[in-house]
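I have placed the structure first, in the form of structure tokens, so that the comments after it can refer back to it.
The values are calculated or read from the model by the stated rules, or taken from the named source; none is laboratory data. What you see is a predicted model, and the numbers here were worked out from it, not measured in a lab. Cβ atoms come from the backbone with ideal geometry, glycine included; neighbour counts cover every protein chain shown.
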């Protein structure tokens with residue numbers, strides 16, 4: 001947790017991040033996500049369920065990628081692995097050059113903290129904390145000191161247009177506003193990857209549009225965004241869409257390698 | 001995440017669940033109050049016993065006559081024989097025989113009726129010598145005590161204990177007045193300071209006259225030189241056992257007894273009697289503290305219950321915190337801090353309530369309550385320990401939750 005400050009320096013609001021900024025400065029840029037032949041098998045008693053059956057995927061820095069598939073397709077499992085919330089049964093996963101496929105729970109917590117910003121369908125804000133206190137949470141676990149935490153949390157809220165509601169609690173905000181706070185929380189620690197899991201699933205179309213706009217802005221300012229959805233309209237906003245079905249990536253509309261080993 | 005942050009997070013969780021937290025705190029509080037009060041009651045009783053030891057004369061030995069066996073073979077009770085004499089007492093008072101004995105007060109006592117004008121009062125009449133006052137650790141409220149001259153001249157003088165004085169004379173000053181003791185008029189020369197009643201006898205209700213006066217004017221006859229007991233004061237509490245040995249040896253040889261088991265007298269110390277009383281009090285304290293400990297245990301289980309509920313209720317929060325980078329250790333600490341804060345607050349409130357009750361309760365019951373700083377500090381430490389001990393299991397359960405499972409839960 002302690003090295004977070006040195007790996008990803010805080011972003012100034014006015015200065016858009018460029019592609020490749022998430023890795024060490026010298027080129028060539030390291031892909032943000034590199035997964036190869038990832039399998040995930042869940043065992044419940046005698047029953048074995050293969051949720052992922054050999055997924056390979058490379059996502060470069062600054063890309064906006066949608067992972068699309070119906071429920072049961074394995075996209076949630078993939079999202080959990082991409083988010084370092086779970087480890088693959090086999091295969092490798094390199095996140096910003098770091099092999100995370102065999103990391104311990106403690107190291108994974110550190111990687112999540114430094115590298116990944118989550119946006120969840122359920123917002124997952126803590127009801128007892130005000131907006132800015134929710135946004136500062138990742139910085140607490142990163143060991144950032146109190147005064148710069150508040151500064152950065154307020155800057156992040158300002159960026160998502162919530163600068164005038166920093167003291168509001170989640171219960172006092174609309175769904176769209178809550179999701180904006182969640183986006184601010186996802187970007188506050190300047191992660192290499194923003195992982196949005198059905199971010200519009202609980203929102204009306206207006207709010208959904210706003211949140212997608214926000215993600216597009218983040219992409220425009222150079223961030224890597226991975227969007228998980230079952231909704232083709234939502235997936236359309238991404239520059240690249242991968243379709244998942246039965247634990248495999250079906251096709252890939254870009255030049256990125258998908259399932260090349262098969 | 002440093003400890004300050006962990007503590008802050010834990011505190012926030014306690015504060016944001018006010019009702020639940022206060023119910024848990026209540027459980028601990030009652031337990032701690034019970035512990036503090038029972039320990040305080042026990043200590044109070046022991047202190048009371050301790051002050052009784054010193055009020056009775058800490059260095060006091062009492063020699064009682066042995067039992068007698070009648071011609072029909074029936075053995076009388078302790079003190080029924082008349083084996084102690086004034087001559088015995090005089091030998092014990094001899095410094096070369098017993099260097100560790102500071103004072104000897106031979107005592108004859110009888111229940112007698114005292115009359116002053118129309119007032120009549122039956123009390124314990126004690127015949128003794130001037131040493132009685134220092135040996136029994138008494139002081140004079142007014143007037144003087146019996147002098148050596150009074151003893152030599154068989155003077156018709158009496159010293160009254162305060163209850164006896166007020167029963168006979170009411171508010172009037174008794175000194176200089178005359179009291180009729182078993183038909184003999186005696187002048188009151190002094191009144192003793194009040195002592196408070198001991199567990200054995202009421203020391204504030206008696207009348208003391210010179211032992212010679214008692215022998216010749218009150219008792220008379222063949223038994224007039226027989227003593228009810230001899231009070232012996234050792235030079236200090238350290239020499240008490242030496243004084244005991246000296247008195248024992250002297251009396252054995254005076255009575256011509258070669259085997260100690262055949263002794264026709266018994267020597268007891270007030271301390272040995274009170275040590276028994278103290279140990280009884282201690283047993284009671286331990287018993288009460290045990291009951292209080294059980295209530296603390298119940299309080300602790302309450303903390304565990306609340307913490308488990310808290311873990312279940314906050315699965316999503318735990319999952320989110322883990323997703324945002326909290327390690328299992330950080331989560332575990334957060335819950336431990338919560339539990340120990342509940343324990344600490346409960347402990348402090350319990351100590352406070354205990355103090356208040358300790359101040360109020362002695363006004364309602366007669367028993368004193370002694371609350372020591374150590375008892376308060378100890379009980380607060382116990383309360384925190386309970387919080388931590390019963391928080392460990394819920395905390396490690398929270399820490400073990402997988403972030404995805406936790407986030408999925410509704």
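Annotations
- Among residues of region B:383-409 being within 11 Å of another protein chain (Cβ to nearest Cβ) and surrounded by fewer than 17 Cβ atoms within 10 Å (Cβ to Cβ), the one that is modelled with the lowest pLDDT is B:409.
- Residue check, residue B:276 buried (at least 19 other Cβ atoms within 10 Å of the Cβ), under 19 Å from the mean Cα position of the chain (by Cα) and more than 24 Å from residue B:21 (Cα to Cα): no
- Checking residue B:213 against (1) part of a helix (DSSP H, G or I); (2) at pLDDT below 85, the condition it does not meet: (2)
- Extreme residue, surrounded by the most Cβ atoms within 10 Å (Cβ to Cβ), among residues of region B:251-267 that are in contact (Cβ under 8 Å) with a residue 60 or more places away in the chain and either in contact with a helix residue (DSSP H, G or I) (Cβ under 9 Å, 6 or more places away or on another chain) or under 14 Å from residue B:87 (Cβ atoms) (or both): B:265
- Here is the figure for region B:8-39: residues that are within 12 Å of another protein chain (Cβ to nearest Cβ), crowded, with 16+ Cβ neighbours inside 10 Å and under 44 Å from the mean Cα position of the chain (by Cα) total 1.
- Top-ranked residue of region A:165-177 - restricted to ones that are more than 14 Å from every other protein chain (Cβ to nearest Cβ) and not in a loop (DSSP other than H, G, I, E, B), ranked as surrounded by the fewest Cβ atoms within 10 Å (Cβ to Cβ): A:172
- In region A:214-233, the residues that are within 16 Å of the chain's Cα centre (by Cα) and in a helix (DSSP H, G or I): A:214, A:215, A:216, A:217, A:218, A:219, A:220
- Residue within region B:313-335 that is surrounded by fewer than 17 Cβ atoms within 10 Å (Cβ to Cβ), assigned to a helix (DSSP H, G or I) and modelled with pLDDT of 85 or more present: yes
- Taking region B:93-110 as the range and being in contact with a strand residue (DSSP E or B) (Cβ under 6 Å, 6 or more places away or on another chain) and either surrounded by fewer than 20 Cβ atoms within 10 Å (Cβ to Cβ) or modelled with pLDDT under 85 (or both) as the test, the residues that pass are B:93, B:102, B:109, B:110.
- Filter result (touching a helix residue (DSSP H, G or I) at 6+ places or on another chain (Cβ under 7 Å) and in a loop (DSSP other than H, G, I, E, B)) within region B:383-410: B:401, B:409
- Hits in region A:70-106 (condition: without any contact (Cβ under 8 Å) to a residue 12 or more places away in the chain and within 11 Å of chain B (Cβ to nearest Cβ)): A:80, A:104, A:105, A:106
- Enumeration of residues in region B:99-139 that are over 30 Å from the mean Cα position of the chain (by Cα), over 19 Å from residue B:205 (Cβ atoms) and touching a residue at least 60 places away in the same chain (Cβ under 8 Å): B:99, B:129
- The sole residue among A:152, A:185 that is in contact (Cβ under 8 Å) with a residue 40 or more places away in the chain and under 15 Å from residue A:112 (Cα atoms) is A:185.
- Residue in region A:111-122 that is nearest to residue B:324 (Cα to Cα), counting only those that are in contact (Cβ under 8 Å) with a residue 60 or more places away in the chain and either surrounded by fewer than 22 Cβ atoms within 10 Å (Cβ to Cβ) or at the interface with another protein chain (Cβ under 8 Å from one of its Cβ atoms) (or both): A:113
- Just one of the numbered conditions (1) at pLDDT below 85; (2) within 14 Å of chain A (Cβ to nearest Cβ) is not true of residue B:295: (2).
- Residue A:162 meets each of the listed conditions (1) touching a helix residue (DSSP H, G or I) at 6+ places or on another chain (Cβ under 7 Å); (2) more than 9 Å from chain B (Cβ to nearest Cβ); (3) modelled with pLDDT under 90 apart from (3).
- Matching option when the condition is within 9 Å of another protein chain (Cβ to nearest Cβ), out of contact with any strand residue (DSSP E or B) (no Cβ under 7 Å at 6 or more places or on another chain) and surrounded by fewer than 23 Cβ atoms within 10 Å (Cβ to Cβ), among A:154, A:126: A:126
- Considering residues of region B:352-382 that are surrounded by fewer than 12 Cβ atoms within 10 Å (Cβ to Cβ) and part of a helix (DSSP H, G or I) only, the residue modelled with the highest pLDDT: B:356
- Taken as a whole, the condition of being assigned to a strand (DSSP E or B) and more than 29 Å from residue B:313 (Cα to Cα) does not apply to residue A:61.
- Of all residues in region B:121-164, those satisfying the criterion of being out of contact with any helix residue (DSSP H, G or I) (no Cβ under 8 Å at 6 or more places or on another chain) and part of a strand (DSSP E or B) are B:122, B:124, B:142, B:143, B:158, B:159.
- Of all residues in region B:358-367, none are within 14 Å of chain A (Cβ to nearest Cβ) and either farther than 17 Å from residue B:10 by Cβ or without any contact (Cβ under 8 Å) to a residue 40 or more places away in the chain (or both).
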